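The values are calculated or read from the model by the stated rules, or taken from the named source; none is laboratory data. Everything numeric in this text was worked out from a predicted model, so none of it was measured. Using ideal geometry, Cβ is built from the backbone for each residue, glycine included, and neighbour counts are taken over all protein chains shown. We work out accessible area using only protein heavy atoms, side chains counted, and drop any ligands, DNA or RNA first. Shrake-Rupley method; radii C 1.70, N 1.55, O 1.52, S 1.80 Å.
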Protein chains: 2
Amino acid sequence: MPRYRLVLEYDGSGFVGWQRQDNGPSVQAALERAVHGLCGETVAVTAAGRTDAGVHASGQVVHLDLPRPYPADRVRDALNHYLKPDPVAVLQASEVGEGFHARFDATARHYRYEILNRRAPPVLDRHRVWHLAKPLDSEAMAAAAALLVGHHDFSSFRSTQCQAASPLKTLDSLTVARRDDRVVICASARSFLHNQVRIMTGSLAQVGLGRWPPARLAAALAARDRKAGGPTAPPQGLCLVGVDYAAPGDRVSRRPQG
Amino acid sequence: MPRYRLVLEYDGSGFVGWQRQDNGPSVQAALERAVHGLCGETVAVTAAGRTDAGVHASGQVVHLDLPRPYPADRVRDALNHYLKPDPVAVLQASEVGEGFHARFDATARHYRYEILNRRAPPVLDRHRVWHLAKPLDSEAMAAAAALLVGHHDFSSFRSTQCQAASPLKTLDSLTVARRDDRVVICASARSFLHNQVRIMTGSLAQVGLGRWPPARLAAALAARDRKAGGPTAPPQGLCLVGVDYAAPGDRVSRRPQG
């Protein structure tokens, strides 16, 4: 059974999230339906990141085993055909070794969170940004973000529903940059706790709004208590932009757009 | 009656265009409803550019006269309140002299057309790009675009429904640039003929696809015949990004995003 790796783009707005669930349409179910269209069999697909409801991807990576070999380009084009009209597209498909695992082999996941920071509500990007009308101090946010980088117990930035065995994670980078009326937060780590990026973003917003001094993020981290972290930022500003793999040539990360 | 100038962002997808029409919702009608909400009176609004159905704006400029003075920030915030849930937002509002005219005083209009040039269909930007799966030669397109710049008879790049008195226009600039899997066309002129940017874009796409040599655009221009121009590119890739005015400090152009 040949194994394929796909890079996916999707609009998370209408989905209950990546994972198949009983309460609504999932990206996983949409993709598995398309795979059934291609090969006539029911095949499970495994993703690098199980994004939540409303969260988007421009560089999600999945693997799946097909019952027989197909040219990689045909896999991409046929899946895109069967995915219509779902807002999911296969950007790349390639055949990989049977040992490749999209989730366990990932060495880095890259998320981008976009805040629209202006008085007027969002229109063209209304499903893709968090709107904060009051001016954000992005430099204070950047200073606060730097305090979270490194190997830490991230219990304060973890959903109370998080099922990870350990709250210890290594945050490789967390940056904040202003571009016109946008404040863009980029986070990279081998893996994240549930809602970690959105809780870090909600905490950084408190700093940007002047409600918290930057140092409070270090204190929140030290508290190891969800109550010490900030609010969870809404899902629609978040996008999984890329996933890295260790093997040479296996970097399929996509650079953030725009 | 104090006159105000507004800068608007809107998603043209669900509208029949800027102009009020009997066959569906227009941006103009949505804005006039919001103005009625603000001041309780029916007030006509005048735009710099009458965008077509499906065409977006991130920097449309309009003027209107209110029956009594309001602080400009209140005009902006109140209109944004009454515009909900229509995908239209007032980015800026300012009081201007009674002689200001959004349409007649404009010295330059700036349009941006975005083509998504990859095999996979668009997802996150599906209402905002023209999808062309075959690789485009953006350098050939740029060379062809340069042939259209200047003062010309643009009859070949004008809708047969165009009602302008003269087909003579001065195209100040027309550029084509690739950014990853996007090909972005920027067009600036004091004014354009009906569908001019979309027909120029459709013609440049013929060049990019290798169906026309760049020189054919000079021949098309010389023919002064709509049949010599290329097809009309679809509306959803087009966005009015800014409008310039002559008076000092009156430049309200917005730079293209992303």
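Across the alpha-carbon set of region A:3-104, the Rg to Rh ratio works out to 0.93, Rh being the Kirkwood radius.
Once the GluC sites (Glu not before Pro) in DSSP loops with at most 15 neighbouring Cβ atoms within 10 Å are cut out of chain A, the longest remaining piece is A:99-258. For trypsin sites (Lys or Arg not before Pro), the sites in region A:192-235 that DSSP calls loop and that have at most 11 other Cβ atoms within 10 Å are A:R211.
Taken over the Cα atoms of chain A, the convex hull encloses 129 Å³ per residue.
Counting only protein heavy atoms and using a 1.4 Å probe, the accessible area of A:V243 comes to about 0 Å². Each Lys or Arg adds one and each Asp or Glu takes one away; over the other residues whose Cβ falls under 13 Å from the Cβ of B:P231, this sums to +4.
What the pair-distance distribution of the protein assembly as shown shows, using all Cα-Cα distances binned every 10 Å from zero, is 4, 17, 24, 24, 19, 10, 2, 0 percent. Cross-linked pairs A:K84/B:K84; A:K84/B:K134; B:K84/B:K169; B:K169/B:K227; A:K134/B:K84; A:K169/A:K227: Cα-Cα separations exceed 27 Å for A:K84/B:K84; B:K84/B:K169.
Using 10 Å bins from zero, what percent of all Cα-Cα pairs in region B:149-226 falls into each bin? Taking every Cα pair in region B:149-226, the percentages come to 18, 53, 25, 4, 0. Summing charges over all other residues whose Cβ lies under 13 Å from the Cβ of A:G37, with Lys and Arg as +1 and Asp and Glu as -1, gives -1.
Computed from phi, the 3J(HN,Hα) profile of region B:44-58 under the Karplus parametrisation 6.51, -1.76, 1.60 (θ = phi - 60°) reads 7, 10, 10, 9, 5, x, 8, 5, 7, 3, x, 7, 9, 9, 10 Hz, with x in place of Gly and Pro. The C-alpha atoms of chain B define a longest principal axis, and helix B:27-39 lies at about 20 degrees to it.
In degrees between 0 and 90, to the nearest 10, how far off the longest principal axis of chain A does helix A:72-83 point, with axes built from Cα atoms? Taking the Cα atoms of chain A, the angle to A:72-83 is about 70 degrees. Entry comment: accessible area of region A:107-241 is 41 Å² per residue, from protein heavy atoms only and a probe of 1.4 Å. The relative contact order of region B:1-152 comes to 27 percent, based on Cα pairs under 8 Å that sit 6 or more residues apart. Of the solvent-accessible surface of region A:3-104, computed with a 1.4 Å probe over protein heavy atoms with every protein chain present, carbon and sulfur atoms account for 46 percent. Helix B:196-208 and the longest principal axis of the Cα set of chain B meet at an angle near 30°.
In this assembly, the B-A interface accounts for approximately 2400 Å² of buried accessible surface in total, computed with a 1.4 Å probe and without ligands, DNA or RNA. Of all the accessible heavy-atom surface of region B:107-241, with the other protein chains kept in place and a 1.4 Å probe, what percent is carbon and sulfur? The computed percentage sits at 53.
D by Stokes-Einstein for region A:107-241, Kirkwood Rh over Cα pairs, 10 °C, 1.306 mPa s: 109 µm²/s.
Normalised per residue, the accessible area of region B:7-93 is 39 Å², obtained with a 1.4 Å probe and no contribution from ligands, DNA or RNA.
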